[in-house]
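Notes follow once the structure below has been shown.
Bear in mind these aren't lab numbers, they're just calculated from the coordinates by the rules spelled out. Quick caveat, the model's predicted, so the values are computed rather than measured. Cβ coordinates were reconstructed from backbone atoms using ideal geometry, including for glycine residues, and neighbour counts include every protein chain displayed.
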Amino acid sequence: MKQKSSIQLEGYPMTTEISDAVYDDLVKSNRKYLNVDEEKQTITIKRSFFKKNKQVQNVTRFFVELNGEEVVIKTPQKKNNLVSNSNFEDDLIIHNYKNKSIMIILESPHIDEYEQNNEKLTPIGAAQGQTGKKIEKNLSQLIRTLNQFQVIEEQHQYRVIIMNAVHFQTSLHFIHEKAMNNYYRELRDKIWVKMWTEIPQIKNDFINQLESLKKDSILINACPKSLKPFINQEFIPYVSKFHLFESNHPTSTEIWTKSLFKLN
């Protein structure tokens, strides 16, 4: 009987089945981040692929305030050196911010969140490319839509945080360089779930970030539909502390602010 192709994270023994086509592409890539056991038909992603220096920084990107009909949008006064190559005036997330926040939660960084270099995987920052552009373009509408849900306090400066729940490249695009078709969406989801459930620090970092937010902050689960339930599960302890929403991913064909749905 033919062995089923599978993948695992170095240091974590759980294997996850993947399609033979994806297995073959990963093997052919011959990337330094993979170990291949052809006898067991298992690929191991080396720990060096999910070390701290491959981690994309979550960021503070905007400050917004609703004054009557006007939405005032500002950017951080100075770009942080750790995200110096970002396409936006980003700062890191300060834990003792005195006002409420709006947190947009994405699943994980993909192509645009890393420098275009075939030899080295170098992080830039959260939500570059089309994701960042669509968030920026629809930010005023987002605030007006949230105001219709009666969760925006007027003349209050909200910090807008963009956060990847898993801050490593779970699509593995740097390794296989394939378009995000159904096979590779499935691979992204499987690697995302592996990292989320098997590497304790990832979920701990996510929860610590939630814990640092002021009461009545607004959290938007904008992950793909397949991964939304994992984030919503972590929202449960906060139903009386935060305004919890889900939405389509910002790059969806529909204007993503129209898909906002309040969870509590």
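With springs only between Cα atoms under 10 Å, which of D90, D189, D37 fluctuates most in a Gaussian network model of the chain?
Evaluated over the chain, the most mobile residue of the options is D37.
Quick one: helix 182-198 against the long Cα principal axis of the chain, what's the angle to the nearest 10°, folded into 0 to 90?
Around 80 degrees separate the two axes.
Against the longest principal axis of the chain, how steep is helix 139-148, in degrees 0 to 90 to the nearest 10, with axes from Cα atoms?
That works out to roughly 60 degrees.
Return the calculated 222 nm mean residue ellipticity for the chain, to the nearest 500 deg cm²/dmol, obtained by summing -39500 (n - 2.57) across DSSP H runs with n ≥ 4 and dividing by the residue count.
So the helix-based figure for the chain works out to -8000 deg cm²/dmol.
Which whole-number percentage describes the relative contact order of the chain, with Cα contacts under 8 Å and a sequence gap of 6 or more?
20 percent
Could you tell me how many degrees, from 0 to 90 and to the nearest 10, lie between the Cα long axis of helix 20-29 and the main elongation axis, the longest principal axis, of the Cα atoms of the chain?
Once rounded, the angle reads 90 degrees.
Which order do peptides 246-252, 182-188 fall in by mean Cβ count within 10 Å, highest first?
Put in order of decreasing packing, that is 246-252, 182-188.
How long are the semi-axes of the ellipsoid equivalent to the stretch 122-170, from square roots of 5 times the Cα gyration tensor eigenvalues, in whole Å, largest first?
Largest first, the stretch 122-170 gives 26, 12, 10 Å.
Using every pair of alpha-carbon atoms in the stretch 183-264, split the distances into 10 Å bins beginning at 0 and state the percent of pairs per bin, rounded to integers.
Each 10 Å bin holds this share of Cα pairs: 16, 45, 34, 5, 0.
Ranking request for peptides 127-136, 113-122, 171-180: highest mean number of other beta-carbon atoms within 10 Å first, then the rest in descending order.
Sorting 127-136, 113-122, 171-180 by mean packing, highest first, produces 127-136, 171-180, 113-122.
Could you derive backbone 3J(HN,Hα) for the stretch 114-126 from the dihedral phi with the Karplus parameters 6.51, -1.76 and 1.60 (θ = phi - 60°), listing whole Hz in sequence and x where the residue is Gly or Pro?
Values per residue, Gly and Pro as x: 10, 5, 7, 9, 6, 9, 9, 8, 10, x, 9, x, 5 Hz.
Would you mind getting me the FRET efficiency between K215 and S140? Use the beta-carbon distance for r and R0 = 22 Å, nearest 0.05.
0.30
If you average over every viewing direction, what projected area does the convex hull of the Cα atoms of the chain give, in nm²?
Dividing the Cα hull surface by four gives the mean projection, 14.4 nm².
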